[in-house]
Amino acid sequence: MHLSEFALDPSQVSVEKPGTYTLHAINDGRFVHALEIEGQGVEEETEDIQPGEDADLTVELTQAGDYELYCPVDGHRGKGMEGSVDVGGAGAGAATTTEDSGDDSGGYGSYGG
């Protein structure tokens, strides 16, 4: 996932089913950014990501539904740095790579951007 002034690319992410996922955030911008996911009882974020740096955000998305995705730094969300993660929806899987661990507790997937 690429962070810049002032956008997330991609802004919409879909995964097939609940599980543990890692979002890899790369700051392509000139300002400090971060990445936060919120919804369905989840609220996790990266530390500040300096320009040219990257960070991983690993989250357990235990319920199907929509999660908000945004930059929590200094009003960046209001300037357009927002999107969503859809878990188990109709378009699920289109923008992700999922690896199934072989058990029914949910696979481990990774979105590399």
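Here is how the numbers come out for the structure above:
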read-out: Criterion (at negative phi and either in contact with a strand residue (DSSP E or B) (Cβ under 9 Å, 6 or more places away or on another chain) or at pLDDT 95 or above (or both)) met by exactly one of Asp56, Asp103; value: Asp56
read-out: Number of positions in the stretch 5-20 that are surrounded by fewer than 18 Cβ atoms within 10 Å (Cβ to Cβ) and in a strand (DSSP E or B); value: 3
read-out: Enumeration of residues in the stretch 58-78 that are closer than 16 Å to Ser14 by Cα and out of contact with any His (no Cβ under 8 Å at 6 or more places or on another chain); value: Thr58, Val59, Glu60, Leu61, Thr62, Gln63, Ala64, Gly65, Asp66, Tyr67, Glu68, Leu69
read-out: Unmet requirement for Val85, which otherwise passes all of (1) at pLDDT below 95; (2) in a strand (DSSP E or B); value: (1)
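The values are calculated or read from the model by the stated rules, or taken from the named source; none is laboratory data. Computed from a prediction, not measured in an experiment: that's the story for all the values here. Ideal geometry is used to build each Cβ from the backbone, glycine not excepted, and the neighbour counts take in all protein chains shown.
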